[in-house]
Every structure is written in structure tokens, then in C-alpha cells.
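Asker: Mind having a look at this structure? Questions to follow.
Bear in mind that the values in this text are calculations on the coordinates, not laboratory data. Computed from a predicted structure; not experimentally measured. A quick note on method: Cβ atoms are made from the backbone with ideal geometry, for glycine too, and the neighbour counts reach across all protein chains shown.
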Amino acid sequence: MSVLISVLVALHLICWAVALGTWVAAARTRRPNPGMAHALAGAVVLGVVLAALVSIAGDANHMKLGLKLVVGLVALVLGYLAQKKGPETPSAVWFGVPAAIVVNVFVAVLV
């Protein structure tokens, strides 16, 4: 079970890294790559699967998992809004995506 959780954690982190990387690549033109929204969706889905597996194992920090879920869903919604609006994305939405990603990573590491 620990090998499965380790592989899923690695994939989860890769999804967050891809989402942030595609945002950085598109930051100058504000023309979001569809891969950003897909990577955010993958990170949220993998996070939910990981939360279920860790809860089954019995050593889950539910406050941390709930906070990460809320912040991940915010990042996901902002990512899909940015993809839908394209270059006309409002600044609050556009800069909210990396802010939510960074907050999610900080919660994972520090809480």
C-alpha cells in the first residue's frame, strides 16, 4: 500500500508542477494552455484518491486534507475560468491560479 501511495503522491506533485509551469509559460501573453486546467483537475482527483487511501490507513489529518481540497478546488475553478476567457482573463482570476497552487503546496508541507 505504501508503494501505491508513494506513486500517487509523486503523480500528484507532478500535476501541480505542470499546472504552475504552464501558467508561467503563458504568463506574458495570458493565453492559457488547456494543459493547465487538465493538470489542475488531475491534481485534485489524485488528491481525493490519496485522501481516501490515507483515511483507510487511519493516519489522516482531516483538517489539512479539507483545507487542501478547498484550495485545490479554488485553483481548479480559476484555471477553468482562465481557459474559458482566454487572453481577456481578469487579473484576479489569472494571478489567483498560481497563488492557489503555492498555498496548496505550502499547506501540504507546513501543516
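Asker: Over the Cα atoms of the stretch 1-100, Rg to Rh with Kirkwood Rh, two decimal places? Please list the in-between numbers first.
Answerer: Values: Rg = 14.5 Å, Rh = 14.0 Å.
Using Cα coordinates only, the ratio equals 1.04.
Asker: Still on this model: Using the Cβ atoms and a cut-off under 15 Å, what net charge is assigned to the surroundings of T89, where Lys and Arg are +1 and Asp and Glu are -1?
Answerer: Values: positive: R28, R30, R31, K84, K85; negative: E88.
Cβ neighbours under 15 Å give a net charge of +4.
Asker: Let me have the relative contact order for the chain, percent, based on Cα pairs under 8 Å that are six or more residues apart.
Answerer: Details: 110 pairs, mean separation 32.3, N = 111.
Here the relative contact order equals 29 percent.
Asker: Note the angle between two axes, namely the Cα long axis of helix 62-85 and the longest principal axis of the Cα atoms of the chain, as a number of degrees from 0 to 90, rounded to the nearest 10.
Answerer: 20 degrees
Asker: Could you work out how far apart the two model spin labels at N33 and A52 are, taking each label as a point 7 Å from the Cα in the direction of the beta carbon, and quote it in nm?
Answerer: 2.9 nm
Asker: Just to be sure I understand the model, the point goes 7 Å from the Cα along the line to the Cβ. What's the resulting S2 to V103 distance in nm?
Answerer: In this crude label model, S2 to V103 measures out at 3.4 nm.
Asker: Go ahead and set up a Gaussian network model of the chain, Cα springs under 10 Å, then flag whichever of A39, A99, A60 fluctuates most.
Answerer: Maximum among the listed residues: A60.
Asker: Then there is this: Under unit Cβ charges (Lys, Arg +1; Asp, Glu -1), what dipole magnitude, rounded to 20 debye, does the chain have relative to its Cα centre?
Answerer: Values: 7 positive and 2 negative charges, 72 e Å.
Around 340 debye, computed over the chain.
Asker: Another question about this same structure. Which of H12, G42, P98 sits farthest toward the positive end of the charge dipole of the chain, with +1 on the Cβ of Lys and Arg and -1 on the Cβ of Asp and Glu?
Answerer: P98
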